[in-house]
Amino acid sequence: MMTNNTPEMMNISLLNKPFDMEMKEVKVPQIGATDVLVKVMAVGVCGSDVHYYEHGRVGEFVVEKPLILGHECSGIVADVGSDVTNFKVGDRVAIEPGVPCGECEYCKSGKYNLCPDVEFLATPPIDGAFSQYISHPEGFLFHIPDTLSYEEATLNEPFSVGVQACKRANVQPGSTVVIMGMGPVGLMAVVAAKAFGATKIIVSDLEKIRLDEALKLGATHAINIKEEDVATRINEITKGKGVNYAFETAGNPIALQNALAALNNGGTLAIVGLPQQENIELNIPFIANHEINIVGIFRYANTYDMGLEMLASTSADLNTMFTDAYDLSEAKDAMEQARTNKSGSLKVMVYPNGKPE
Ligand SMILES: [Zn+2]
Ligand SMILES: [Zn+2]
């Protein structure tokens, strides 16, 4: 049963091929018994969206037919399937973009981010959220706490990667963390490390705007790699002791080597960013002799609920992240802004149902 104010047709923004985006009118999706129809209110542009826009592929995922981008999204429930129990029309929801099979050994063991059959929004051939409405299974929707806006709720996606890194690295209260790369994932990892109790959070990047934002979000020390030597600065800040945890979020080989070298005995390196090349030289005797742990981070599992609670309780002003706003018809401009304005933009938002006010 469609509610009275749900239209029959809607607008979507399609990526036809690199740099070629087009708005199109299509039918509003039908929902199954356990699905929810969500009117999409805000979508954050992610690095992977920009990569599809620019190159038509991310690793093995290739845009072979027109694709709807956008996976960091939130909205309002417009309709519910007959078996949906947890949501009603009008509820504000955050959308967890990856829907796994629920049956395989990874799903059953709780590591559903590793499910080989996961369907992830805006990952070919699965369409994303640059769309006025999307149908999504009830089990991967989460109520947005009252104090969070739709925009803030979309941050739960990159934030979840930071939470996953903290969980996998087992970040302890009172610890020191260095986070290299202050793109949105790195910035959200600052908020996550703080929520996990890290008391010293050192960050590095080459863009001043990102380092300033990191300090606003809870970082205690910022290193501009254009002006300062990372190793020397970390040594000074930690009085020669090194850090307990090092996250590399930018996929930069030098940063990865620096992250490893910054660790103290028993420290943990979390690899979040994906480098262009597959093989990078790492100091193996250092890893063995200092009992370094290395964890890979692939998306996240079971972080959405706790992530929203953490975002609702953080003292950081998340609104400082939102630098740019676009309507759906301007999706190409949004992608261009995210692609080219790295020293001026943090999070670029697209509003499929119109920019606020
Ligand atoms: Zn993302
Ligand atoms: Zn599975």
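The values are calculated or read from the model by the stated rules, or taken from the named source; none is laboratory data. Just so we're clear, the structure is a prediction, and the values are computed from it rather than from any experiment. Counting neighbours? That spans all protein chains shown, and the Cβs are built from the backbone with ideal geometry, glycine included. Heavy atoms of the whole protein, side chains included, go into the accessibility calculation; ligands, DNA and RNA do not. Shrake-Rupley method; radii C 1.70, N 1.55, O 1.52, S 1.80 Å.
Can you list the DSSP H helices in the chain whose Cα atoms extend at least 15 Å along the helix axis and whose mean Kyte-Doolittle hydropathy is -1.0 or higher? Numbers along the way, then the final one.
Details: long enough: 156-169 (19 Å, -0.31); 184-195 (17 Å, 1.63).
Helix filter hits for the chain: 156-169, 184-195.
What does the extension gain come out to for N293 and N224, with contour length at 0.36 nm per residue minus their alpha carbon separation? Display every interim value, and only then the final one.
Working: separation 69, 0.36 × 69 = 24.84 nm, distance 2.64 nm.
Gain in length upon complete extension: 22.2 nm.
Take the residue pairs K226/K342; K167/K239; K216/K355; K24/K347 and return only those whose Cα atoms are more than 23 Å apart. Provide the component values of the computation, followed by the final result.
Values: K226/K342 15 Å; K167/K239 26 Å; K216/K355 26 Å; K24/K347 25 Å.
Pairs exceeding 23 Å: K167/K239; K216/K355; K24/K347.
Over the chain, what is the relative contact order in percent, taking alpha-carbon pairs closer than 8 angstrom and at least six residues apart? Mind showing how you got there, number by number?
Working: 818 pairs, mean separation 63.6, N = 357.
Over the chain, the number comes to 18 percent.
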Probe 1.4 Å, all protein chains in place: accessible area of K332 in Å², nearest 10?
80 Å²
Per the C-alpha gyration tensor (a ≥ b ≥ c, the square roots of its eigenvalues), region 28-175 is rounded if a/c is under 1.5, else prolate if a/b beats b/c, else oblate; here it's rounded
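Go ahead and estimate [θ] at 222 nm for the chain from helices alone: -39,500 (n - 2.57) per DSSP H run with n ≥ 4, summed, over the residue count, rounded to 500.
-7500 deg cm²/dmol
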Determine the dipole magnitude for the chain: charges of +1 sit on the beta-carbon of Lys and Arg, -1 on that of Asp and Glu, nothing else is charged, the reference point is the Cα centre, and the result goes in debye to the nearest 20.
860 debye
Starting from the Cα gyration tensor of region 94-167, take the square roots of the eigenvalues, sort them a ≥ b ≥ c, and report rounded, prolate or oblate (rounded when a/c is under 1.5, otherwise prolate if a/b is larger than b/c, else oblate).
oblate
By average C-beta atoms within 10 angstrom, highest first, the peptides 34-45, 202-213
34-45, 202-213
Using alpha-carbon positions, what is the distance between the centroids of region 240-271 and region 98-122, in Å?
29 Å
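Residues of the chain: accessible area per residue at 1.4 Å, in Å²?
Values: 15950 Å² over 357 residues.
Normalised by residue count, the accessible surface of the chain is 45 Å².
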How large are Rg and Dmax for region 214-357 when only the alpha carbon atoms are used, in Å?
18.7, 58
Using the Cα gyration tensor of region 253-327, with a ≥ b ≥ c the square roots of its eigenvalues, what is the shape: rounded (a/c below 1.5), prolate (a/b larger than b/c) or oblate (neither)?
prolate
